[in-house]
């Protein structure tokens, strides 16, 4: 028996069939290109975006649901059973969650682009159905993790709580586009963004980083006490900001800002400690993106506080949101995917002589470089365009972002083609 | 310096033994890779683990090592690692 067959046989409870995580990753790569293409079409509207329906809102949700949530679900399904040592549950349920999330994202974002409340509601309900399945599977798994990896599990619980809150708020916001029953749509939209970006995606990123970053860098475990401080500060920020935005209580919003800064400081301290102790000296293109994401996390939170202090700065909220969404979360997730896709593929693909395929043979540098350069250029151009309200710069940035997303899609298709 | 690495090791007649039981991921991976990278001659290494370390295998393959799961003590996953010629 080959090595690959041996370990697959021994670990089938924890290693999912390749088609399961990869269907989420490839779909995310397709939505990534769709998000940039939509932003390209909506570049003129981005500087003054305030949350109303239209192409910018559609691009935003193609990015958040289509790319970030899709990736988070695929990665969680594969990483949770490895971290907890417990199986994830029924495989058909994973397939069903993907089958629901794809049309849910398309309907929701199409409804947003066309300002069609019925399409939006249908998309939101389908997306929530996918999230309910994901939540059920994740709860079933994480409750076995407590003793093994308490800090990762605690982040997982926080992320699942956030998911329930942001999905409920999102559903209310969508229904409000046709019903108009909410007294403060913008306040709830801000709370929805906080729980989605900081609560769900942020806590998942912080939690998985405890294992993934030391694993990729071959480093000692991160300082756990700092991790608990980070988690506490992050949860304080979520509750304070959630109530502060919804009930318009400025003191709570400021407390949330301080909480996110403290949480980010704790997380960045942990990551610095991990990289200081690393054995692997050359970390490659993925870690350029991951390090960029850490810089943008700090910069984005700092800018968000400036925006709170300067409410008259019209394009400030869009710029801070862009830095956090694209600069932090998208940079981080595309960096992680660039590491994890060849890594997972090497477990499934069989190379020459029946030996496991090497990760290095499953990585293609040209599209990754194209993506990296275009991603950074897009960040710079769109930031300048938003800061100085120059739409052609936003347009140029969206075009380079779209080019980069094609590079990323090329890489994803290459890795999947090596699985056969 | 293997004493700085997670887990502990000792020599037996059949080669180096590494025990990484009780460590949280990714410390077992670090303990194993750090030690096998410091070996100067082709060798056989026995790893005492408490789980099937599926994320270790791509790293071993990348470094030219093969592996085999062999019977171990109850609750233990024992691996024999060999440097491929």
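The values are calculated or read from the model by the stated rules, or taken from the named source; none is laboratory data. Being a predicted model, the structure only gives us computed values, none of them experimental. We place every Cβ from the backbone using ideal geometry, glycine too, and count neighbours over all the protein chains shown.
May I ask you to verify whether residue B:36 is away from every other protein chain (no Cβ under 11 Å), part of a helix (DSSP H, G or I) and over 21 Å from residue A:150 (Cα atoms)?
yes
The rows are residues; the columns are (1) assigned to a loop (DSSP other than H, G, I, E, B); (2) farther than 23 Å from residue A:81 by Cβ; (3) touching a helix residue (DSSP H, G or I) at 6+ places or on another chain (Cβ under 8 Å); (4) touching a residue at least 40 places away in the same chain (Cβ under 8 Å).
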{"position": "B:25", "(1), (2), (3), (4)": "yes, no, yes, no"}
{"position": "B:30", "(1), (2), (3), (4)": "no, no, yes, no"}
{"position": "B:42", "(1), (2), (3), (4)": "yes, yes, no, yes"}
{"position": "B:47", "(1), (2), (3), (4)": "no, no, yes, no"}
{"position": "B:79", "(1), (2), (3), (4)": "no, no, no, no"}
{"position": "B:85", "(1), (2), (3), (4)": "yes, yes, no, yes"}
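Based on what the data block shows, is residue A:364 under 27 Å from residue B:54 (Cα atoms), away from chain B (no Cβ under 14 Å) and surrounded by fewer than 20 Cβ atoms within 10 Å (Cβ to Cβ)? Yes; evaluated as a whole, the condition is true for this residue. Screening segment A:127-147 for residues that are within 14 Å of another protein chain (Cβ to nearest Cβ) and touching a helix residue (DSSP H, G or I) at 6+ places or on another chain (Cβ under 6 Å) and picking the one that is modelled with the highest pLDDT gives A:144. Residue B:4 meets each of the listed conditions (1) touching a strand residue (DSSP E or B) at 6+ places or on another chain (Cβ under 6 Å); (2) within 11 Å of chain A (Cβ to nearest Cβ); (3) over 27 Å from residue A:340 (Cβ atoms) apart from (1).
Within segment B:51-65, being more than 19 Å from residue A:220 (Cβ to Cβ), surrounded by 16 or more Cβ atoms within 10 Å (Cβ to Cβ) and either more than 9 Å from every other protein chain (Cβ to nearest Cβ) or within 11 Å of the chain's Cα centre (by Cα) (or both) holds for B:57, B:60, B:65.
Against the criterion of being more than 14 Å from chain B (Cβ to nearest Cβ), in contact with a helix residue (DSSP H, G or I) (Cβ under 9 Å, 6 or more places away or on another chain) and buried (at least 18 other Cβ atoms within 10 Å of the Cβ), residue A:346 does not qualify.
Restricting attention to segment A:149-172, the residues that are part of a helix (DSSP H, G or I) and more than 24 Å from residue A:330 (Cα to Cα) add up to 2. A Cβ distance below 7 Å, combined with a sequence gap of six or more or placement on separate chains, defines the contacts here; from segment A:164-175, residues that are touching a residue at least 60 places away in the same chain (Cβ under 8 Å) reach residues that are surrounded by fewer than 21 Cβ atoms within 10 Å (Cβ to Cβ) in the pairs A:174/A:121. The numbered conditions (1) within 10 Å of the chain's Cα centre (by Cα); (2) more than 29 Å from residue A:150 (Cβ to Cβ); (3) more than 9 Å from chain A (Cβ to nearest Cβ); (4) crowded, with 19+ Cβ neighbours inside 10 Å are all true for residue B:80 except (4). Surrounded by fewer than 20 Cβ atoms within 10 Å (Cβ to Cβ) and under 17 Å from residue A:163 (Cβ atoms): does that describe residue A:140? Here the answer is yes, as residue A:140 does meet what is asked. For the residues A:395, A:381, A:409, the requirement of being modelled with pLDDT of 90 or more, away from every other protein chain (no Cβ under 14 Å), assigned to a helix (DSSP H, G or I) and closer than 20 Å to residue A:286 by Cα singles out A:409.
Could you pull out the residue among A:154, A:167 that is at pLDDT 95 or above and more than 19 Å from residue A:256 (Cβ to Cβ)?
On the way: A:154 fails: at pLDDT 95 or above.
Result: A:167 is the single residue among A:154, A:167 that is at pLDDT 95 or above and more than 19 Å from residue A:256 (Cβ to Cβ).
Of the numbered conditions (1) surrounded by fewer than 17 Cβ atoms within 10 Å (Cβ to Cβ); (2) not in a helix (DSSP H, G or I), residue A:232 satisfies every one except a single condition; which is it? So the condition that residue A:232 fails would be (2).
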